[in-house]
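Beneath this line is the structure, given in structure tokens, with notes to follow.
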Amino acid sequence: MIWLALLLASSAQEEDPGKAALKRLGERLKDARTLSAKVVQSRKTALLDQPIVSSGTLVYRREPGRLVFRMTDPRVTEIHLDRTAYQVYRPDEKRLERIEFADDAGLGRLLMIFEPKADEIGKAFTVRKGESAKGRIEVHLEAVDEKVKKRMARLSLSLDEADATLRKIVTVDAEGDEVSFELSDLKLNPELDAGAFELKVPEGTRVLRHAARLEK
């Protein structure tokens, strides 16, 4: 039975491919203070037969943490995400929707994708599996924190197998709606003006405020 014990010990030492991929992503992004990319967003919901597809750009900064999407096709939409709020501005409708987070209600956790630390990810998600396909590593995570689960039940990341470049982010909410972001032309530490992270809303814009409060 010695051979069996050695086999089990060897298997235990093999790192889970999903966790290994997250570690590589962390190494790639550890010195990234800013980031930019082109993005194609696809939103799938049971209420529609076809996904809603839009395209534009994203920018990210680590301090203070903020992620900004500027979608330009088929219509202009600006999305700002930080640890306190999720804001969607639609200039053609003259409307700003602001969801304010209470007790770190889930969506703010998306920022940790660009600063992936095993201990922080482990508080909110468990790695369900990691798999290799067509030159990419797919990492699938499932929410374990109840506050996160009610906003974002599952999260998947797709990385280049060669260098761990982040290529795709997929989120699935508690109702099963799926939003994916396909990234290209990703740049680390580009020079970004502070204005790239400002949300400028003209007078006359209708502001809708919501509080994302969750029961403990």
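Coordinate-derived values only; no laboratory data. Quick caveat: nothing in here was measured; it's all calculated off a predicted structure. Note that each Cβ is placed from the backbone with ideal geometry, even for glycine, and that neighbours are counted across all protein chains shown.
With r as the distance between the Cβ atoms of R98 and D119 and R0 = 35 Å, compute the FRET efficiency 1/(1 + (r/R0)^6) and round to 0.05.
Details: r = 30 Å, r/R0 = 0.87.
The calculated FRET efficiency here is 0.70.
Please determine, in degrees from 0 to 90 and to the nearest 10, the orientation of helix 17-29 with respect to the longest principal axis defined by the Cα atoms of the chain, where the helix direction is its Cα long axis.
Helix 17-29 sits roughly 50 degrees off the main axis of the chain.
Counting only GluC sites (Glu not before Pro) that are in a DSSP loop and have at most 12 other C-beta atoms within 10 Å, tell me the longest site-free stretch of the chain.
Working: sites that count: E14, E15, E175, E191, E198, E203, E215.
No qualifying site falls inside 16-174, the longest such stretch.
Mark the label point 7 Å from the Cα of E198 along Cα→Cβ and return the residues of the range 47-61 whose backbone N is within less than 18 Å of it.
Backbone N within reach: 59-61.
What would the Debye formula give as log10 I(q)/I(0) at q = 0.07, 0.08 Å⁻¹ for the alpha-carbon point model of the range 17-212, no solvent?
Taking Cα atoms of the range 17-212 as identical point scatterers yields -0.20, -0.26.
Between L29, L141, L47, where does the largest GNM mean-square fluctuation fall for the chain, given springs only between Cα atoms within less than 10 Å?
Highest fluctuation among the options: L47.
Given the -39500 (n - 2.57) contribution per DSSP H run of 4+ residues, what per-residue ellipticity at 222 nm results for the chain, rounded to the nearest 500 deg cm²/dmol? Don't jump to the answer; show the numbers that get you there.
Values: 4 runs with 36 residues, N = 216.
Mean residue ellipticity at 222 nm (helix-derived): -4500 deg cm²/dmol.
Relative to the longest principal axis of the chain, what angle (0 to 90°, nearest 10) does the C-alpha long axis of helix 2-13 take?
On a 0 to 90 degree scale, this one is about 20.
What is the dipole size for the range 17-212, taken about its Cα centre, with +1 at each Lys and Arg Cβ and -1 at each Asp and Glu Cβ, in debye to the nearest 20? Walk me through the numbers on the way to the answer.
Details: 37 positive and 34 negative charges, 28 e Å.
It comes to approximately 140 debye.
Counting other Cβ atoms within 10 Å, which trypsin sites (Lys or Arg not before Pro) in the range 132-197 have at most 12 and lie in a DSSP loop?
Numbers: sites: K134, R136, K147, K149, K150, R151, R154, R167, K168, K187; in loops: K134, K150, R151.
Sparse-neighbourhood loop trypsin sites (Lys or Arg not before Pro): K134.
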